[in-house]
Structure formats: C-alpha cells, structure tokens
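Working notes, structure below.
The values are calculated or read from the model by the stated rules, or taken from the named source; none is laboratory data. Computed from a predicted model, the values in this text were never measured in an experiment. Cβ placement follows ideal geometry from the backbone for every residue including glycine, while neighbour counts extend to all protein chains displayed.
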Amino acid sequence: MHQRIWYLTHPQVLVDPAKEIRDWSLSNLGQRRVITLANSNALDRVTAVISSTETKAIETARPLADALNCELEVREQMHENDRSTTGFLPSKEFEIVADQFFASPDTSVRGWETATAAQSRVVAEIRNCLSVHEEGDVLFVGHGAVGTRLYCYLFGVPIDRKFDQGSGGGGNFFQFSTLQSRPTSHWRPMEDMTGN
C-alpha cells in the first residue's frame, strides 16, 4: 500500500484576546470533534503524528496520537503564519488584513511573516519530517493559513485565498502521497476522514 499523508487543521478554538494567539485552546465543540475522530478507526494506518507547537494544534494532535499509540512529535516550524506584530485583531479587521496577506504573498502586511516565507517554511519542515517517516501513514496537525500555502504548493498554483479551507472554524483536511504529487482530495471536514 502506498503511503498516505494527511494535513489536518485544528478545529474551533476559544478566542481570548487577553491570551497570546499561539496559546489559544480548543473550544468544547473543537474538543468533541477531535474525540469523535480519535474514537474512530479512520487513521488506523497512521504511524506518525506530527504537530505544530501551538496549543490548539497540540490539543488536536495529542488525543489522536494517544488513540493510535503513537508518540506525538512537535515541530516548531509548523506554526501558523507569524502575525505577532499585530497580535489579536477583531474579526472584521483580521479578515481585511488576511485578504491583503494572501493578495501580496511577497509583501509583509503590517509586519506579518510573508505568505511566501510561510509556505517555504512549512514545505521544508514537512519535507524534513517525511525524510524520516518514509513508511506508514503520517498525520500532520497544523493551521489553516500555512495549510493553504502547502495546498497551493502541492497543486502548483499561486498562493490565493480562494484555496483556503473556508469559514467554519477549522477542522479540515486534505490528503496527498508525496510532496511531488497533487493532493488526492480538496479541503474536507475532518468528519469525512471516517469515509476514507
């Protein structure tokens, strides 16, 4: 059987303007969605679970790794695009800045990491991980914006927000087999994993 590689974004979070964004936790809904997936056998061929260092990603990855009896591997370079210069932005303002971020991938918008830099970073980190995990399915748990950069890289298309996972709070995935192949699925809700 060929190797399957999954990229899963964390589901819904508790938005807390007083907390560092990287420290946000999953909401009750997000936790329930993760537990449902962990209790299924959808990922039974996964032998490696690799997560971003952000709390919401770890809270998604750890129950899945535990259910699979896998060690959780945490990788610093899988974090979401660095937007620490602005910190928390109200939803309406965030959407405006995010649109600018996607529209000008080589430009730092309000001090954010550029989209191109974020893409290079996450692709390099996934390449490094896959060079070690060459057998068995691999589950990467990360974030929507850098996940979209990876998605665009795999499809060989320019960075564009139209390829984003969409609204709904996250908890979506796509699947691919190598960094040289297109994804075998587009963004789909994590609940669809049980149908693979």
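Report the residue count in segment 162-190 for those that are under 22 Å from VAL13 (Cβ atoms), loosely packed, with under 15 Cβ neighbours inside 10 Å and not small (Gly, Ala, Ser).
So the count comes out to 0.
Give ARG62, ARG32 a once-over and let me know the one that is over 21 Å from LEU154 (Cα atoms), in a helix (DSSP H, G or I), more than 17 Å from the chain's Cα centre (by Cα) and at pLDDT 95 or above.
Going through ARG62, ARG32 in turn, just one is over 21 Å from LEU154 (Cα atoms), in a helix (DSSP H, G or I), more than 17 Å from the chain's Cα centre (by Cα) and at pLDDT 95 or above: ARG32.
Within segment 52-105, track down each residue that is touching a Lys or Arg at 6+ places or on another chain (Cβ under 9 Å), within 19 Å of SER27 (Cα to Cα) and charged (D, E, K, R).
If the condition is that a residue be touching a Lys or Arg at 6+ places or on another chain (Cβ under 9 Å), within 19 Å of SER27 (Cα to Cα) and charged (D, E, K, R), then GLU54, LYS56, GLU80 are the ones that fit.
Looking at segment 153-170, which of the residues that are out of contact with any His (no Cβ under 7 Å at 6 or more places or on another chain) and closer than 22 Å to ASN39 by Cβ is modelled with the lowest pLDDT?
For segment 153-170, the residue satisfying everything is GLY168.
Of all residues in segment 6-32 being under 22 Å from PHE176 (Cα atoms) and in contact with a helix residue (DSSP H, G or I) (Cβ under 7 Å, 6 or more places away or on another chain), which is surrounded by the most Cβ atoms within 10 Å (Cβ to Cβ)?
Applying the filter and picking the extreme gives HIS10.
If I go through segment 80-103 residue by residue, how many of them are assigned to a helix (DSSP H, G or I), surrounded by fewer than 15 Cβ atoms within 10 Å (Cβ to Cβ) and in contact (Cβ under 8 Å) with a residue 60 or more places away in the chain?
The qualifying residues number 1.
Say whether the condition of being touching a residue at least 60 places away in the same chain (Cβ under 8 Å), of a type in the set (A, V, I, L, M), buried (at least 18 other Cβ atoms within 10 Å of the Cβ) and in a helix (DSSP H, G or I) is met by at least one residue in segment 113-123.
Scanning segment 113-123, I find no residue that is touching a residue at least 60 places away in the same chain (Cβ under 8 Å), of a type in the set (A, V, I, L, M), buried (at least 18 other Cβ atoms within 10 Å of the Cβ) and in a helix (DSSP H, G or I), so the answer is no.
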